[in-house]
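The block underneath contains the structure these notes are about, expressed in structure tokens.
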Amino acid sequence: MVDMRGRNFDSNKAVILTMPQAGFAEAYDNMSANAMNASAEKQHAHELIDRLPGDQIATVVRFIEFALADPLSRSLAVAPVEDEPISEEEAAALDEAHAAIARGEESRTMKFCASSV
């Protein structure tokens, strides 16, 4: 017979796979310790939040939300403000887009975005 890696083996011989018990126990203990540490850390965080003055709670909540945000949202939140001057061509394109939107039409940018999807 052939195993999943293409190696031949005798199907009449029993193959017993064993996991080293010490390694398994150590891994299980580490997982349990990490879970307990995470639980203790969460409890500690709750206690710290409970001790905060009310006017600082919103700041902590915003920080936690930022920490939980997806990477793109975090990057956009900390990206520098665009400070390059707008060229005459870019200003004209913006004016055209704003006018088209004001007339209830799609701008070239909107059409391009719709066609790209």
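The values are calculated or read from the model by the stated rules, or taken from the named source; none is laboratory data. This one's a predicted model, so the numbers in the text were calculated from it and none came from an experiment. FYI the Cβ positions are ideal-geometry reconstructions off the backbone, even for glycines, and counts take in every protein chain you see.
Is there a residue being over 25 Å from the mean Cα position of the chain (by Cα) and at pLDDT 80 or above anywhere in segment 30-49? Yes.
Every residue in segment 60-75 that is in a helix (DSSP H, G or I) and exposed (fewer than 10 other Cβ atoms within 10 Å of the Cβ), please. Selection gives A67, L68, P71, L72.
Note on segment 78-104: residues that are in a helix (DSSP H, G or I) and either surrounded by 10 or more Cβ atoms within 10 Å (Cβ to Cβ) or in contact (Cβ under 8 Å) with a residue 24 or more places away in the chain (or both) amount to 12.
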